[in-house]
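The values are calculated or read from the model by the stated rules, or taken from the named source; none is laboratory data. Just so we're clear, the structure is a prediction, and the values are computed from it rather than from any experiment. Every residue, glycine as well, gets a Cβ built from its backbone with ideal geometry; the counts of neighbours run over all protein chains shown.
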Amino acid sequence: MITKELLAPRSIVVVGASNDTSKPGGKVLQNILTHQFQGDVYVVNPKDSLVQGIPSVSHCNELPTVDLAIIAITSKFVDEAMLVLTKEKNCKAFIILSAGFSEIGEEGRQIEERCVAIANEAGASLIGPNCIGIITGSYKGVFAGPIPEYDPLGCDCVTASGATMVYLLEIAIPRGLKFSNIFSIGNSAQISVEDVLEYWDTTYDPATSSKIKLVYMEQITDPKRFLKHARSLTLKGCRLAAIKAGSTEAGSRAVSSHTGALAGSNSAVNALFRKAGIIRCYSRVELVYVAAIFTITKLVGNRIAIITHAGGPGVMLTDVLTRNGMEVPTITGPKADELLTQLHPGSSVANPIDFLATGTAKQLGIILDYVAHEFEEIDGAVVVFGTTGMWRVDDVYEVLHEKINQHKKPIFPILPSVIQAAEEVSRFHDKGHINFTDEVSFGYVLSRVTKTPMPYPEAVLPEVNFPLIRSIINEAPSGYLGADQVFTLFDAVGISRVQQTIVTSLEEAMVAVKKIGFPLVMKVVGPVHKSDIGGVVLNVTNLEKVQEEYQRLMLLEDAESVLLQQQLSGTEVYMGAKAEEDYGHQVLVGLGGIFVEVFKDVSSGLVPISSEEASAMLHRLKSYPILQGARGKEGVKEELIIDTLLRLCALVMAAPEISEMDINPLLGNQMQLIAVDARICIEK
């Protein structure tokens, strides 16, 4: 819970305050005083009677009532101090800067749990422990800097790592970014990332709240709650960017299906972020660049004009934009010719628009006016402009300031001369602008921001035969279901499947052939990876071949029976599902057959997915053109794939015990999409 006393206390006590500002208790007190907290400030220090000009008491029981306690003492004494503050001083908020809790082991974990229990019983907020503190409009309760100038419409931040927040501010402040509330939550003993998101969501006011939310986390403790509030914030008009660290998978993890190898916690995080409309970042620089892009008028479209007085940056930016799905259209025609006459000889307006090292501020203004009003093929402009140090660029940055405020199309300033034009850049920031310093990093990030869609509509899944599904799941033990059970589940949700039967004798096989017909496929039942041991036979066209292969397949190790299946043709599609702890199920789709294993070209989504999200999953595939149909080969009707994905979602929602599922392949064309081979593993 986040109490009003945490955000806007009337009084603060620093327990463990010090005259030594190299210590957390000393530095946090200095920051509170320096930044002119308007309420009462108290200190607890048993050794000094006066701490930074404030009379000190030796014990918490000597204090008056107090709203917020910032604690910087040895961990083993923290719970005792909290008991006194809650029971005797009506304290409703705590920030524990101290380390030595769950991050060091069991003894520390027990102390941490006692602190949380004390706070919960008192209805108090607890930030930390093992954090650097928080910043609000009321006070600067942190011991580590730099401390940004407060702007209620600046970026809101929450981070699990205090050092990461400090280093992020070191990058962000020199680029002109403004900040509102900052939460360093440390061990997240009580207040987690999800709690902060919920607070931002439930208190959001479009007139007074920040519209930019930045997150650094190392775990998502409640993915469904995280999604609920992040998605809600996005739909309210906020823009979110986040780093989720710890994304690598354990390469030695044993898996028994393609889906198990392809789906994991990292892909679940990606799917979660896509569902919420969050830009996923992988470094502090990326996070800052995304936040800076958020502060500029939103780019509608992906067609960029690059304006520069230096050729190299324009070329590199063009490369990275086009490689990542953006367009840098060639600018031609009468208006382009007209613009060229107003620039120095040797300039180019083809795009990049290069107006040379001798280009003037006036010429930049003319170019930006043409981009805004005359070039309909352009959606936004990037201006790369620095200096060699031989002249000042105040006039250029003044023109940038004017045009950014005048034009509806966004203008992204890349001002690389952070040393030689430091004064000019600083004045540009003072006028409310940000800047980027590296065109390649900017181009990469802009491409990702532009390609991130709004959250998809709520899913509407098809109706299924729930009683039939539950009867199969309830009766089956943990492990892989039989082939007949798998296809009965498909029948229950309306997934088309191939005609087949399982036989345990040659006589049964001969009878089954008459029902299924030729050509057919024969597969051994029992071994998991059938193809690897010669357990799959295609193009069986006569009874003699049926007899020969049946006898051979039954001699394979672990063979239990033989599956006879009608042989179909079409484009191969792969689908899968995997349960991910706390996240629910992921569903996956890609080109089927061996391609899913070789190329690992799959898209994933968190269940439930809407038809719009399913369509986006398909369009993300590199193999999407093959699924559409390529080089004269008939493709698969997209609506059939989407419908089957939704039915797959409905199945795993009705049977959450499904831990892994492979459908590989489904064979499809413009008329049908039929499951040919599938495995379902359940865990109870």
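What number of residues within the stretch 611-636 are hydrophobic (A, V, I, L, M, F, W, C) and part of a helix (DSSP H, G or I)? Don't jump to the end; show me each part of the working.
Within the stretch 611-636, the first condition is being hydrophobic (A, V, I, L, M, F, W, C), and the residues that meet it are 614, 616-618, 621, 626-627, 630, 636.
Checking the rest, the ones that are also part of a helix (DSSP H, G or I) come to 614, 616-618, 626-627.
The total comes to 6.
Being over 19 Å from residue 664 (Cα atoms) and crowded, with 17+ Cβ neighbours inside 10 Å narrows it down to one residue among 553, 468, 481; which is it?
553
Taking residue 15 as the residue in question, decide whether it is hydrophobic (A, V, I, L, M, F, W, C), in contact with a His (Cβ under 8 Å, 6 or more places away or on another chain) and more than 18 Å from residue 138 (Cβ to Cβ).
Answer is no for this residue.
Across the stretch 85-105, what is the number of residues that are among the basic types (Lys, Arg) and touching a Ser or Thr at 6+ places or on another chain (Cβ under 8 Å)?
Residues flagged as among the basic types (Lys, Arg) and touching a Ser or Thr at 6+ places or on another chain (Cβ under 8 Å) within the stretch 85-105 amount to 2.
Looking at the stretch 383-396 only, could you name the residues that are in a helix (DSSP H, G or I) and not aliphatic (A, V, I, L, M)?
394, 395
Given 357, 336, 310, which one is of a type in the set (Gly, Ala, Ser) and in contact with a His (Cβ under 9 Å, 6 or more places away or on another chain)?
The match here is 357.
It is to be established whether one or more residues within the stretch 655-674 are within 22 Å of residue 455 (Cα to Cα), touching a residue at least 60 places away in the same chain (Cβ under 8 Å), buried (at least 19 other Cβ atoms within 10 Å of the Cβ) and not small (Gly, Ala, Ser).
The answer is no, given that none of the residues of the stretch 655-674 is within 22 Å of residue 455 (Cα to Cα), touching a residue at least 60 places away in the same chain (Cβ under 8 Å), buried (at least 19 other Cβ atoms within 10 Å of the Cβ) and not small (Gly, Ala, Ser).
If you scan the stretch 225-259, which residues turn out to be modelled with pLDDT under 95 and surrounded by fewer than 18 Cβ atoms within 10 Å (Cβ to Cβ)?
245, 246, 247, 248, 249, 250, 251, 252, 253, 254, 255, 256
Given 15, 43, which one is touching a residue at least 60 places away in the same chain (Cβ under 8 Å) and either buried (at least 21 other Cβ atoms within 10 Å of the Cβ) or farther than 22 Å from residue 116 by Cβ (or both)?
Working: 43 fails: touching a residue at least 60 places away in the same chain (Cβ under 8 Å).
One residue alone meets the criteria, 15.
Collect the residues in the stretch 364-402 that are without any contact (Cβ under 8 Å) to a residue 24 or more places away in the chain, more than 21 Å from residue 329 (Cβ to Cβ) and not aromatic (Phe, Trp, Tyr), keeping them in residue-number order.
Of everything in the stretch 364-402, just one residue is without any contact (Cβ under 8 Å) to a residue 24 or more places away in the chain, more than 21 Å from residue 329 (Cβ to Cβ) and not aromatic (Phe, Trp, Tyr), namely 390.
Here are the criteria: (1) of a type in the set (A, V, I, L, M); (2) more than 25 Å from residue 154 (Cα to Cα); (3) in contact with a Gly (Cβ under 9 Å, 6 or more places away or on another chain); (4) surrounded by fewer than 23 Cβ atoms within 10 Å (Cβ to Cβ). Tell me which single one residue 367 does not satisfy.
Every condition holds for residue 367 apart from (4).
Which residue is farthest from residue 373 (Cα to Cα), if the candidates are limited to the stretch 402-426 and must be among the charged types (D, E, K, R) and under 34 Å from the mean Cα position of the chain (by Cα)?
403
Go through the stretch 66-101 and give me each residue that's in contact with a helix residue (DSSP H, G or I) (Cβ under 8 Å, 6 or more places away or on another chain), in a loop (DSSP other than H, G, I, E, B) and among the polar types (S, T, N, Q).
Hit for the stretch 66-101 is 98, nothing else.
Can you tell me which of 343, 368, 364, 356 is over 41 Å from the mean Cα position of the chain (by Cα), aliphatic (A, V, I, L, M) and closer than 29 Å to residue 447 by Cβ?
Step by step, each of 343, 368, 364, 356 is checked, and only 343 is over 41 Å from the mean Cα position of the chain (by Cα), aliphatic (A, V, I, L, M) and closer than 29 Å to residue 447 by Cβ.
In the stretch 141-169, what residues are in contact (Cβ under 8 Å) with a residue 60 or more places away in the chain and closer than 24 Å to residue 426 by Cα?
144, 145, 147, 155, 167, 168
Against the condition surrounded by fewer than 24 Cβ atoms within 10 Å (Cβ to Cβ), out of contact with any helix residue (DSSP H, G or I) (no Cβ under 6 Å at 6 or more places or on another chain), at pLDDT 95 or above and not in a loop (DSSP other than H, G, I, E, B), how does residue 29 come out, does it pass? Let's see the steps before the verdict.
Values: surrounded by fewer than 24 Cβ atoms within 10 Å (Cβ to Cβ): no; out of contact with any helix residue (DSSP H, G or I) (no Cβ under 6 Å at 6 or more places or on another chain): yes; at pLDDT 95 or above: yes; not in a loop (DSSP other than H, G, I, E, B): yes.
Taking the combined requirement at face value, the residue does not satisfy it.
If I filter the stretch 68-116 down to residues being of a type in the set (Gly, Ala, Ser) and more than 19 Å from residue 142 (Cα to Cα), which single residue comes out as surrounded by the fewest Cβ atoms within 10 Å (Cβ to Cβ)?
105
What are the residues in the stretch 170-195 that are closer than 17 Å to residue 153 by Cα, in contact (Cβ under 8 Å) with a residue 60 or more places away in the chain and either of a type in the set (A, V, I, L, M) or in a helix (DSSP H, G or I) (or both), if any?
Answer for the stretch 170-195, where residues must be closer than 17 Å to residue 153 by Cα, in contact (Cβ under 8 Å) with a residue 60 or more places away in the chain and either of a type in the set (A, V, I, L, M) or in a helix (DSSP H, G or I) (or both): 172, 175, 177.
Of all residues being of a type in the set (S, T, N, Q) and in a loop (DSSP other than H, G, I, E, B) in the stretch 46-58, which is surrounded by the fewest Cβ atoms within 10 Å (Cβ to Cβ)? Just the residue, please.
Out of the qualifying residues, it is 49.
Looking at (1) assigned to a loop (DSSP other than H, G, I, E, B); (2) over 34 Å from the mean Cα position of the chain (by Cα), can you tell me which one residue 399 breaks?
With respect to (1) assigned to a loop (DSSP other than H, G, I, E, B); (2) over 34 Å from the mean Cα position of the chain (by Cα), residue 399 is out only on (1).
Where the second residue is loosely packed, with under 14 Cβ neighbours inside 10 Å and small (Gly, Ala, Ser) and the first is within 26 Å of residue 444 (Cβ to Cβ) and lies in the stretch 411-428, which pairs have Cβ atoms under 7 Å and are six or more apart or on separate chains?
So the pair list comes out as 420/389.
Name the one entry in 170, 198, 121, 113 that is modelled with pLDDT of 95 or more and touching a helix residue (DSSP H, G or I) at 6+ places or on another chain (Cβ under 6 Å).
Only one candidate passes the filter, namely 198.
Just need a number here: residues in the stretch 460-496 that are closer than 30 Å to residue 615 by Cα, part of a loop (DSSP other than H, G, I, E, B) and in contact with a strand residue (DSSP E or B) (Cβ under 8 Å, 6 or more places away or on another chain).
Residues that pass the stated criteria total 3.
May I ask you to verify whether residue 404 is touching a Pro at 6+ places or on another chain (Cβ under 8 Å) and crowded, with 18+ Cβ neighbours inside 10 Å? Before the answer, list the steps.
On the way: touching a Pro at 6+ places or on another chain (Cβ under 8 Å): yes; crowded, with 18+ Cβ neighbours inside 10 Å: yes.
So residue 404 passes the test.
Just give me the residues in the stretch 145-160 being modelled with pLDDT under 95 and buried (at least 20 other Cβ atoms within 10 Å of the Cβ), in sequence order.
Listed by number, the list holds a single entry, 160.
Taking into account only those residues within the stretch 32-45 that are aliphatic (A, V, I, L, M) and either at pLDDT below 95 or outside any helix (DSSP H, G or I) (or both), which is nearest to residue 139 (Cα to Cα)?
Top of the filtered list is 41.
Of the residues 627, 645, 618, which is out of contact with any Lys or Arg (no Cβ under 6 Å at 6 or more places or on another chain) and within 19 Å of residue 491 (Cβ to Cβ)?
Working: 627 fails: within 19 Å of residue 491 (Cβ to Cβ); 618 fails: within 19 Å of residue 491 (Cβ to Cβ).
That would be 645, the only listed residue that is out of contact with any Lys or Arg (no Cβ under 6 Å at 6 or more places or on another chain) and within 19 Å of residue 491 (Cβ to Cβ).
For the stretch 448-496, name all the residues that are of a type in the set (Val, Ile, Thr), under 30 Å from residue 282 (Cα atoms) and in contact with a helix residue (DSSP H, G or I) (Cβ under 8 Å, 6 or more places away or on another chain).
Of everything in the stretch 448-496, those that are of a type in the set (Val, Ile, Thr), under 30 Å from residue 282 (Cα atoms) and in contact with a helix residue (DSSP H, G or I) (Cβ under 8 Å, 6 or more places away or on another chain) turn out to be 449, 452.
Can you pull out every residue in the stretch 402-433 that is assigned to a loop (DSSP other than H, G, I, E, B) and charged (D, E, K, R)?
The answer is 408, 409, 431.
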